[in-house]
């Protein structure tokens, strides 16, 4: 099979170079070549690799390959095989990782030719494993290279559709999640509203409880949120709580809290026929990544759970807490990080491992070792923000998911603050011996969105790279190692 280009742009034959009797034939040939070039040029805007296949004997020639998203092994298969069916069979056996038998049937030459015989574009989507082991959504496209009755070749083109497919899946999941959120709220909350963060206007989704003056039944009618909020607090909230609730429920506070916490929840007291009752409000975004989608506001009576609320809160905290350090334990920490990722949150995931901790335990005793573990946990907890997820993986390892740290430079600056506090750590029993940690970090950004397991692997690999360095050091995924001295100089 030949891999040279069968045609090249701007290389049409010049009729003037041929006898007059042949010029008409040369002109017809140029028209055919021009048509083929037009079809291929159109596909070339989206497809990274294009082959031309002879309809008669199914021999193949590589027309173009941009290199981007092109598998070198796939090109080699095409060059080694002398027939389309043999080449495509080997390609699918090697690279297609889902429903490969179906794909094999869909791309047989007789099936392809039947689907494109009238000039239609025929596509087949599949999941491909690249030469680097990365799995992504891909597409093969087939089209005649010319008019149906005249085309001597058909085109086989490849493109990466991973981003568009994953966005489509994410969009469908997002819409499903929003319906689930509203349905879940409707089971427990009397009143549910949707707030436009840009205009501060409200649309009623559900209205079963107390109706603020001026409000109508659910529908598309819009109301000013702050006017309704003031009316509600004045009419319903217990006098001693009103000042706090005016501030807690005002539009500016709600927007700020939802941006910070994603779910803004608080309880308060209302007065009803002279009796005090406990209520709860919940504000949460329809889409945590884009608040322009709106904020849901829901209100319900919680009289029946107030009595045991404190006891349940204590039990929940106990279940989530690492007893020795007081920070989250591994199970609760991992669950919170996975939830954050599922909700589209971005940030830095970092693992920190105390260096040569066995030496500390063996040389200074387990009591001193426990003191080191608690001290490092306190430093990490203090240097990251309250909203960040800080937890103990077990033994001498810790992990953090720091929201909003979306680039390596910001991550290095944050980790350097931790290293500085560790350098200043004073544990009398250790004497001159200094504690250090090895850290690995990975960024969950807007563009790069690995799952938790992949984030963990990337960060953990960074920890092992840093174990070869004396003193505190951090390695970001696919980046160099930064020592505590280098970080200190960088932040001076």
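Odds and ends about this structure:
The rows are residues; the columns are (1) closer than 30 Å to residue 344 by Cβ; (2) in a strand (DSSP E or B).
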{"site": "252", "(1), (2)": "yes, no"}
{"site": "266", "(1), (2)": "yes, yes"}
{"site": "276", "(1), (2)": "no, yes"}
{"site": "282", "(1), (2)": "yes, yes"}
{"site": "298", "(1), (2)": "yes, yes"}
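- Among residues of region 363-403, those that are touching a strand residue (DSSP E or B) at 6+ places or on another chain (Cβ under 7 Å) and not in a strand (DSSP E or B), counted: 9
- Count of region 260-272 residues which are surrounded by 14 or more Cβ atoms within 10 Å (Cβ to Cβ) and within 16 Å of residue 197 (Cα to Cα): 2
- Residue that is surrounded by the fewest Cβ atoms within 10 Å (Cβ to Cβ) [pool: residues in region 164-218 that are more than 18 Å from residue 297 (Cβ to Cβ) and at pLDDT 60 or above]: 167
- Filter result (more than 27 Å from residue 388 (Cβ to Cβ) and surrounded by fewer than 15 Cβ atoms within 10 Å (Cβ to Cβ)) within region 273-298: 273, 274, 275, 276
- Total residues in region 448-467, condition within 20 Å of the chain's Cα centre (by Cα) and part of a helix (DSSP H, G or I): 9
- Subset tally (residues that are in a helix (DSSP H, G or I), farther than 15 Å from residue 199 by Cβ and either touching a helix residue (DSSP H, G or I) at 6+ places or on another chain (Cβ under 6 Å) or not assigned by TED's automatic domain parsing to the domain that holds residue 254 (or both)) for region 225-240: 1
- The residue list 370, 339 contains one member that is within 21 Å of residue 403 (Cα to Cα), surrounded by 13 or more Cβ atoms within 10 Å (Cβ to Cβ) and modelled with pLDDT under 95, which is 339.
- Candidates in region 126-154 are the residues that are loosely packed, with under 15 Cβ neighbours inside 10 Å and touching a residue at least 40 places away in the same chain (Cβ under 8 Å); of these, the one that is farthest from the chain's Cα centre (by Cα) is 150.
- When 28, 93, 82 are checked against the criterion of being under 20 Å from residue 125 (Cα atoms), exposed (fewer than 14 other Cβ atoms within 10 Å of the Cβ) and either at pLDDT 85 or above or more than 34 Å from the chain's Cα centre (by Cα) (or both), 93 stands alone in meeting it.
- Counted residues, region 204-226 - those being closer than 17 Å to residue 281 by Cβ and within 38 Å of the chain's Cα centre (by Cα): 8
- Filter result for residue 399 (modelled with pLDDT of 95 or more, on the phi < 0 side of the Ramachandran plot and out of contact with any helix residue (DSSP H, G or I) (no Cβ under 8 Å at 6 or more places or on another chain)): no
- Matching residues in region 459-492 - criterion: being under 29 Å from residue 341 (Cβ atoms) and free of Cβ contacts under 8 Å to residues at least 40 places away in the same chain: 461, 464, 465, 466, 473, 475, 477, 478, 480, 481
The values are calculated or read from the model by the stated rules, or taken from the named source; none is laboratory data. Just so we're clear, the structure is a prediction, and the values are computed from it rather than from any experiment. Every residue, glycine as well, gets a Cβ built from its backbone with ideal geometry; the counts of neighbours run over all protein chains shown.
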